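I have placed the structure first, in the form of structure tokens, so that the comments after it can refer back to it.
None of the figures in this text is laboratory data; all of them are computed from the coordinates on show. Since the structure is predicted, the reported quantities are computational estimates derived from the model, not experimental observations. Positions of Cβ are generated from backbone atoms using ideal geometry, with glycine treated the same way; all protein chains shown enter the neighbour counts.
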Amino acid sequence: MKLDSIETRENLVDFIEDLEIDFVKKPKEWKNSDFASFLKAAAVYIRAMDSAYIKRGEKFPEQPSWKILASILYAAKFDK
């Protein structure tokens, strides 16, 4: 499932399940392969999100969407 197609809670569940399958099949592609580093990366990404929105000329939403939550989880796969 692609980030752009996430609009509902069920889409997010499918995305998370796909992430889990990806982790099992391709663990070397995951920069944050333990839970502690994954959570740390998610926190770092969340802190930086508003500046990323500003750079794109967008306002960060007050109420995050299912898509934003998915983007946090996806980014935590790679970022530190």
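Quick one: Cα convex hull volume of the chain, Å³ per residue?
96
Label D50 and L69 with points 7 Å out from Cα along Cα→Cβ: what is the distance between them in nm?
2.2
Tell me, what is the percent relative contact order of the chain, built from C-alpha pairs under 8 Å that lie six or more residues apart?
Once divided by the residue count of the chain, the mean separation gives 46 percent.
Using a 7 Å offset from Cα along Cα-Cβ at I21, what residues in region 59-77 end up with backbone N under 19 Å from the label point?
So the set is 70-71, 73-75, 77.
Could you work out the per residue convex hull volume over the alpha carbons of region 36-80, in cubic angstrom?
Dividing the Cα hull volume of region 36-80 by its residues yields 70 Å³.
Can you tell me what percent of all Cα-Cα pairs in region 11-51 are more than 11 Å apart?
When every Cα pair of region 11-51 is considered, 69 percent fall beyond 11 Å.
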